[in-house]
1. What is the number of the single condition among (1) under 24 Å from residue 60 (Cα atoms); (2) modelled with pLDDT under 95 that residue 45 does not meet?
2. Listed residues 27, 32; which is under 30 Å from residue 101 (Cβ atoms), over 16 Å from the mean Cα position of the chain (by Cα), assigned to a helix (DSSP H, G or I) and at pLDDT 90 or above?
3. Which number in (1) surrounded by 18 or more Cβ atoms within 10 Å (Cβ to Cβ); (2) touching a residue at least 40 places away in the same chain (Cβ under 8 Å); (3) touching a helix residue (DSSP H, G or I) at 6+ places or on another chain (Cβ under 6 Å) marks the one condition that residue 28 misses?
4. Do we have any residue at all in the range 68-89 that's outside any helix (DSSP H, G or I), surrounded by fewer than 18 Cβ atoms within 10 Å (Cβ to Cβ) and touching a helix residue (DSSP H, G or I) at 6+ places or on another chain (Cβ under 8 Å)?
5. Can you name the number of the only condition in (1) without any contact (Cβ under 8 Å) to a residue 60 or more places away in the chain; (2) within 11 Å of the chain's Cα centre (by Cα) that residue 80 fails?
6. How many residues are under 13 Å from residue 24 (Cβ atoms), surrounded by fewer than 19 Cβ atoms within 10 Å (Cβ to Cβ) and touching a residue at least 40 places away in the same chain (Cβ under 8 Å) if we restrict to the range 38-54?
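The values are calculated or read from the model by the stated rules, or taken from the named source; none is laboratory data. Model, not experiment: these values are computed from the prediction. Don't worry about glycine lacking a Cβ; one is built from the backbone with ideal geometry, like all the others, and counts go over all protein chains shown.
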C-alpha cells in the first residue's frame with residue numbers, strides 16, 4: 001500500500017493533465033461541451049504546472065527519514081513540466097484541426 005500511495009499515484013499525476021486535455025478536446029470536437037479550446041488548453045496547462053509539484057511533494061513524503069538528499073526527486077517535477085509543455089501544444093493543434101475539419105464536413 002505504501003508503494004501505491006507514494007510511487008504509483010505521483011506517476012499517474014504526471015499524465016493527468018494531457019489525458020484530461022485529450023478527453024475534453026474530444027468532447028469539444030464532437031460538440032458535447034461548450035467550453036472553448038482556449039479554455040481547455042488553459043485548464044490543461046495550469047493542471048500541468050500544479051500536478052507535477054503535487055506529485056513531487058507526495059514523493060518527498062514517501063521517502064524514508066534516513067535519506068538526507070532528495071535532489072533526484074526534483075526530476076519528477078521537471079519530467080512533469082516537460083510532458084506538459086510538449087504535449088499541450090501538440091494535443092491542441094491536433095484537436096483544433098480535427099474540430100475545423102469536422103465543421104467543414106458538417107457545412108459541406
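1. (2)
2. Numbers: 32 fails: assigned to a helix (DSSP H, G or I).
Answer to the selection: 27.
3. For residue 28, the failing item is (3).
4. Scanning the range 68-89, I find at least one residue that is outside any helix (DSSP H, G or I), surrounded by fewer than 18 Cβ atoms within 10 Å (Cβ to Cβ) and touching a helix residue (DSSP H, G or I) at 6+ places or on another chain (Cβ under 8 Å), so the answer is yes.
5. Every listed condition holds for residue 80 apart from (1).
6. The number of residues fulfilling the criteria is 1.
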